[in-house]
1. Search the stretch 52-78 for residues being hydrophobic (A, V, I, L, M, F, W, C) and either away from ligand 2 (no atom under 16 Å from the Cβ) or over 21 Å from the mean Cα position of the chain (by Cα) (or both), and hand back the single one that is most open to solvent (accessible area, probe 1.4 Å).
2. Checking the structure you have, find out if any residue of the stretch 17-27 is more than 26 Å from residue 290 (Cβ to Cβ), of a type in the set (A, V, I, L, M) and away from ligand 2 (no atom under 16 Å from the Cβ).
3. Among the residues of the stretch 156-172, is any under 19 Å from residue 284 (Cβ atoms), part of a strand (DSSP E or B) and in contact with a His (Cβ under 7 Å, 6 or more places away or on another chain)?
4. Report, by residue number, each residue of the stretch 153-170 that is under 17 Å from residue 197 (Cα atoms), within 16 Å of ligand 1 (Cβ to nearest atom) and not aromatic (Phe, Trp, Tyr).
5. Filter the stretch 74-89 for residues that are at pLDDT 90 or above and in a loop (DSSP other than H, G, I, E, B) and give the result.
6. Six or more apart or on different chains, Cβ under 7 Å: which pairs go from a residue in the stretch 194-216 that's in contact (Cβ under 8 Å) with a residue 24 or more places away in the chain and farther than 11 Å from residue 180 by Cβ to one that's open to solvent by 40 Å² or more (accessible area, probe 1.4 Å) and part of a loop (DSSP other than H, G, I, E, B)? Could you list them?
7. Of the residues 255, 215, 278, which single one is among the aliphatic types (A, V, I, L, M) and touching a strand residue (DSSP E or B) at 6+ places or on another chain (Cβ under 6 Å)?
Amino acid sequence: MKHFLDIHKTDAGELRAMIDLARTMKTARAGLPKGAPDATQPLAGRMVALIFEKPSTRTRVSFDVGVRQMGGQTMVLSGKEMQLGHGETIADTARVLSRYVDLIMIRTFEEQTLLEMAEYATVPVINGLTNRTHPCQIMADVMTYEEHRGPISGKKAVWCGDGNNVCASWIQAAGQFGFDMTFSGPSTLDPEDDFVRFAREKGVNIAIERDPARAVQGADVVIADTWVSMHDSQSSRERRHNQLRPYQVNDALMAQAKDDALFMHCLPAHRDDEVTSAVMDGPHSVVFDEAENRLHAQKAVMRWCLGV
Ligand code: CP
Ligand code: NVA
């Protein structure tokens, strides 16, 4: 079963092949209306369940459009309206859904829910974000970097802010795609050791630098994300803002990076918190290309899962 659960759980060569396929598929439909079918219809006759236990704009729409472009059908399900984990075990839900659909994408809170779904489903399962990781985002991000600047291997990525789920997948990607990464944030919000260890064992340099101005020196890409993720308690909001304010990505900080450095953010962004509008809308920013590339990258991920 080819589940797409995490960047570090998928073979590096297969990740590379997915990014290359995504680029080919994107090029092939350049200029077509968004609703036009792809020339080949690899998902014809396939039904895909998209389950959301948390809000989503990009993941929801990009998966739905991607399946339709490839000739398949979708069913968007809200976790709250299902029996998922309260009326019924995750394992039983996985067994039941596998009788109806060919592929399951789930966005959830605890990683354990995703893992149980994958263990008991008899169809592939895709991680559409958990509290710990967000692998589909990073596939789109690597694709976006390379579209603008060529191969990401050997480059330097700098994460500014909370060592959260998106940061974790970036660190795993550093190991798999062979680039260096510097984390810059307060020690209380460091990324988990496991992620850092994985990347270091792959031979890349993962550095921690508390001073953001020093961290971004020589950066090829500077990345930010929200200071309060969907799984973080609202009561931690003020503390997080106070701790993270020094890590805001603004023009002064970007000026310390390489002249041609890119700025990335998975969105949704909180303008003038983690990133200023000047940077979001400025010449370094590729945030809307990242959002578009969710569509293309995930189409390649789905084809890989289904072997079509
Ligand atoms: N970046 C991302 O996953 O966005 P959504 O939460 O809107 O899906
Ligand atoms: N870190 C954010 C990413 C949203 C796409 C969150 O988990 O809320």
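1. 75
2. Within the stretch 17-27, not a single residue is more than 26 Å from residue 290 (Cβ to Cβ), of a type in the set (A, V, I, L, M) and away from ligand 2 (no atom under 16 Å from the Cβ).
3. Scanning the stretch 156-172 turns up no residue that is under 19 Å from residue 284 (Cβ atoms), part of a strand (DSSP E or B) and in contact with a His (Cβ under 7 Å, 6 or more places away or on another chain).
4. The answer is 164, 165, 166, 167, 168, 169.
5. If the condition is that a residue be at pLDDT 90 or above and in a loop (DSSP other than H, G, I, E, B), then 89 is the only one that fits.
6. 208/190; 213/256; 215/209; 216/256
7. Step by step, each of 255, 215, 278 is checked, and only 215 is among the aliphatic types (A, V, I, L, M) and touching a strand residue (DSSP E or B) at 6+ places or on another chain (Cβ under 6 Å).
Here's the yes/no breakdown for (1) open to solvent by 10 Å² or more (accessible area, probe 1.4 Å); (2) in a strand (DSSP E or B); (3) farther than 24 Å from residue 290 by Cβ; (4) away from ligand 2 (no atom under 16 Å from the Cβ):
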{"site": "200", "(1), (2), (3), (4)": "yes, no, yes, yes"}
{"site": "204", "(1), (2), (3), (4)": "yes, no, no, yes"}
{"site": "207", "(1), (2), (3), (4)": "yes, yes, no, yes"}
{"site": "210", "(1), (2), (3), (4)": "yes, no, yes, yes"}
{"site": "214", "(1), (2), (3), (4)": "yes, no, yes, yes"}
{"site": "217", "(1), (2), (3), (4)": "yes, no, no, yes"}
{"site": "222", "(1), (2), (3), (4)": "no, yes, no, yes"}
{"site": "239", "(1), (2), (3), (4)": "yes, no, yes, yes"}
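The values are calculated or read from the model by the stated rules, or taken from the named source; none is laboratory data. Since the model is a prediction, treat every value here as computed from it, not as a measurement. Virtual Cβ from ideal backbone geometry, glycine too; neighbours counted across all protein chains shown. Note: areas computed on protein heavy atoms with side chains; ligands, DNA, RNA excluded. Shrake-Rupley method; radii C 1.70, N 1.55, O 1.52, S 1.80 Å.
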